[in-house]
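Notes for the one structure printed next.
What follows is calculated from the coordinates using simple rules that are stated; it is not laboratory data. The model shown is predicted, which means the values in this text are computed figures rather than measured ones. As a convention, Cβ positions derive from the backbone with ideal geometry for all residues, glycine included, and neighbour counts pool all protein chains shown.
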Amino acid sequence: MKIKKTLCSRIKNMNFNNISFGNHYSDHMFCSEFKNGKWKNSMIKPFGDIMLSPISPVFHYGQAVFEGMKAYKDKKNHVFLFRPKENFNRINQSAIRLEMPKIPEYIFMEGLQRLIDIDRNWIPKKYGESLYIRPFLIAKNGILSAKPAKDYMFMIVSTPAGSYYKNPLKVKIEEIYSRSAPGGVGFTKAAGNYASSFYPTRLAHEKGYDQILWTDSSTHTKIEESGTMNVFFWIKNKLITPKANDNILNGITCKSIISIAKKEGIVVEERELNVSEIIEGIREGELKEAFGCGTAVVINFFEIISYRNKNFFLPKLPIHQRLSIKLKKKLLDIQHNLSKDDFGWRFRLKKYF
Ligand SMILES: Cc1ncc(COP(=O)(O)O)c(C=O)c1O
């Protein structure tokens, strides 16, 4: 792999005492090209603009998929990726569904490790902070007809990440718009899934909510997910999460929380979850907590769930009684190498240089 290092690092512009999400990008990026049926020209180069033909299918037909993952530091500055093979598998599932070529494992893993190694100084050191990594695959060149491209580009960029949401969330149960539908691409990280959620999310913001709680497209009675998070509800001492299906992204954080919770002896149910069960749970005082989880947010609890223009306030539990906080700590401790990794999720980054 070719490596061209930057001559002028931008890290001095980065304030590690006040990290917001996505405002600064690390010095380098990884690129690999798919041309004439073969992957070639893998390289690391300084982060910067790329040149694409204006008729590239990524612009016209949204042939683009991506991933989100993180690198963490421990107290000795060792670097760990969290379950990277899961992201590798998922980007290829997304690629297959969007008629794009699969990325070979050696390109994904080698590109990822070398990039993060070269930019390891960009990984924040504080507990809960990390380097957010964005691998993505786009369709380039092609001709201006609605067909898959012949050429593709796989890239990885990264950005230091503090906390995504600073406060508990106000979410609105959506009954008009849909994020996905059976047989569609909701289970993938297709770029278009996100573009189509921006408008209904803005409408929710205008009404004072942080995020939408999506429901199934045919009946709007079953809870699916929220923003870029899977969701959990703690009702009658059971932790319930909508079972992943082709409408729902099979979240790596969600899977990890299910495993941690089960190990803690908590009863976890992955199943269909009706809106009525949540509203009744709140009314009867049987719903103790609801929270969203994902790579970017880790875990964030909800304070309000709005349904049909009525705000339902969730119990104001003290922090030490919150299951969400307990599970978040367990997960972060594993990610930062502060606890035993019983599940084999940490992936220690080797030093190349
Ligand atoms: C729509 C959606 N749901 C759920 C998640 C959470 O998935 P993960 O835990 O793998 O980040 C994400 C983020 O990737 C997402 O975009």
- Could you state the number of Å between the C-alpha centres of the range 315-353 and the range 134-211? 26
- For a quick protection proxy, order the peptides 338-345, 39-46, 68-75 by their average other-Cβ count within 10 Å, most packed first. 68-75, 39-46, 338-345
- Item | the chain: relative contact order in percent, alpha carbon pairs under 8 Å with at least 6 residues between | 19
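Once you sort the root eigenvalues of the Cα gyration tensor of the chain as a ≥ b ≥ c, which label holds: rounded (a/c under 1.5), prolate (a/b larger than b/c) or oblate (the other case)?
Oblate shape, in that a/c is at least 1.5 and b/c is the bigger or equal ratio.
In which sequence would Phe30, Phe66, Phe233 go, from the one with the fewest C-beta neighbours within 10 Å to the one with the most?
Working: Phe30 27, Phe66 19, Phe233 24.
Least crowded to most crowded, the residues run Phe66, Phe233, Phe30.
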- Can you list the GluC sites (Glu not before Pro) in the range 255-287 that are in a DSSP coil and have 11 or fewer other beta carbons within 10 angstrom? Glu284
- Item | Environment charge at Asn309 (Cβ cut-off 12 Å; Lys +1, Arg +1, Asp -1, Glu -1) | +3
- Query: What net charge is computed for the residues neighbouring Glu67, neighbours being all others with C-beta under 9 Å from the C-beta of Glu67, Lys and Arg scored +1, Asp and Glu -1?
  - Reply: +3
- Within straight cross-link reach of Lys12, meaning Cα distance under 17 Å, which lysines are found once same-chain residues fewer than 8 apart are removed? Lys125
- Message: Could you work out how much longer the chain between Lys38 and Ile3 gets when fully extended? Use 0.36 nm per residue separation minus the Cα distance between them, nm to one decimal.
- Response: 10.6 nm
- In this structure, among Lys73/Lys126; Lys45/Lys350; Lys166/Lys328; Lys255/Lys329, pairs with alpha-carbon gaps over 18 Å are Lys45/Lys350
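For a Förster distance of 41 Å, can you work out the FRET efficiency between the beta-carbons of Asn309 and His60, rounded to the nearest 0.05?
Efficiency at R0 = 41 Å is approximately 0.60.
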- Item | Least to most buried among Leu314, Leu144 (fewest other Cβ within 10 Å first) | Leu144, Leu314
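In which sequence would Met100, Met229, Met109, Met153 go, from the one with the fewest C-beta neighbours within 10 Å to the one with the most?
Values: Met100 24, Met229 28, Met109 16, Met153 21.
Ordered by Cβ neighbours within 10 Å, fewest first: Met109, Met153, Met100, Met229.
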- Item | Residue-count net charge about Gly227 - beta-carbon cut-off 10 Å; Lys, Arg +1, Asp, Glu -1 | -1
- Only Lys, Arg, Asp and Glu count, each charged at its Cβ (+1, +1, -1, -1), so figure out the dipole size of the range 58-185 about its Cα centre, rounded to 20 debye. 380
